[in-house]
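Undergrad: Here it is, the structure in full.
The values are calculated or read from the model by the stated rules, or taken from the named source; none is laboratory data. Bear in mind that the values here come from a model prediction, so they are computed numbers and not experimental data. Backbone-built Cβ (ideal geometry, glycine too); neighbour counts: all protein chains shown.
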Amino acid sequence: MIHLSACRRDGFTLIEISIVVAIMAVLAAAVLPLFSSSTDDAKDCVVRHNLQVLRLQIELYKLDHKGGLPDGSSNLSQMTTATDADGNTGLSSTQFRLGPYLVEIPANPYSGSAKVRLFAGTGAPTASNVPDAGWIYQPATGAIWCDDPVVITKY
């Protein structure tokens with residue numbers, strides 16, 4: 001009498017593993033491009049938010065200072081310290097009762113820098129293309145831009 005024993009499998013075959021790996025590769029190829037642009041989207045969102053905050057606070061400064069704008073000196077120090085009605089900075093007191101309007105100048109998310117470059121020209125400035133570029137401020141108009149070659153004209 002011939003005894004047939006049942007075949008016993010203790011693992012996956014090479015073909016089964018290859019199929020699973022191929023399916024995972026197809027899924028990864030479909031999903032990864034969705035996440036690769038999310039970093040740029042997040043940076044764009046931060047730039048828009050920071051510009052909105054900066055522009056609103058510059059307008060508030062203008063209202064408090066009888067139409068005068070920050071002169072942009074010392075990295076917009078008039079926005080981050082107390083001022084008097086003429087825009088002079090000092091420690092908070094009865095003389096320096098206005099502001100501060102910002103705790104600090106926010107960083108440009110593309111460079112990580114909060115430096116403010118002054119722009120004396122007219123129209124829109126060009127980006128400085130330096131690694132520590134932050135913001136561009138025009139004291140004559142109170143306009144402010146992100147100092148990045150791609151973003152400068154977007155917002």
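Undergrad: Is there a residue in region 28-36 that is among the polar types (S, T, N, Q), under 26 Å from ILE152 (Cβ atoms) and touching a Pro at 6+ places or on another chain (Cβ under 9 Å)?
TA: no
Undergrad: Same structure, new question: If the Cβ limit is 6 Å and pairs must be 6+ apart or interchain, which residue in region 25-49 that is without any contact (Cβ under 8 Å) to a residue 60 or more places away in the chain pairs with which residue that is surrounded by fewer than 10 Cβ atoms within 10 Å (Cβ to Cβ) and assigned to a helix (DSSP H, G or I)?
TA: No pair meets every condition.
Undergrad: Residues of region 95-136 being acidic (Asp, Glu) and farther than 24 Å from LYS62 by Cβ, which ones?
TA: ASP132
Undergrad: Just need a number here: residues in region 64-88 that are assigned to a helix (DSSP H, G or I) and either touching a strand residue (DSSP E or B) at 6+ places or on another chain (Cβ under 7 Å) or at pLDDT 95 or above (or both).
TA: Residues flagged as assigned to a helix (DSSP H, G or I) and either touching a strand residue (DSSP E or B) at 6+ places or on another chain (Cβ under 7 Å) or at pLDDT 95 or above (or both) within region 64-88 amount to 7.
Undergrad: State all residues of region 115-126 that are part of a loop (DSSP other than H, G, I, E, B) and in contact with a strand residue (DSSP E or B) (Cβ under 6 Å, 6 or more places away or on another chain); if no residue qualifies, say none.
TA: PHE119, PRO125
Undergrad: Just a yes or no: is a residue in region 9-16 loosely packed, with under 10 Cβ neighbours inside 10 Å, among the β-branched types (Val, Ile, Thr) and without any contact (Cβ under 8 Å) to a residue 24 or more places away in the chain?
TA: Yes, region 9-16 contains at least one residue that is loosely packed, with under 10 Cβ neighbours inside 10 Å, among the β-branched types (Val, Ile, Thr) and without any contact (Cβ under 8 Å) to a residue 24 or more places away in the chain.
For (1) surrounded by 15 or more Cβ atoms within 10 Å (Cβ to Cβ); (2) in a helix (DSSP H, G or I), each residue gets a yes or a no:
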{"site": "ARG48", "(1), (2)": "no, yes"}
{"site": "LEU51", "(1), (2)": "yes, yes"}
{"site": "ARG55", "(1), (2)": "no, yes"}
{"site": "TYR61", "(1), (2)": "yes, yes"}
{"site": "SER93", "(1), (2)": "no, no"}
{"site": "LEU102", "(1), (2)": "yes, no"}
{"site": "PRO106", "(1), (2)": "yes, no"}
{"site": "PRO109", "(1), (2)": "yes, no"}
{"site": "SER113", "(1), (2)": "yes, no"}
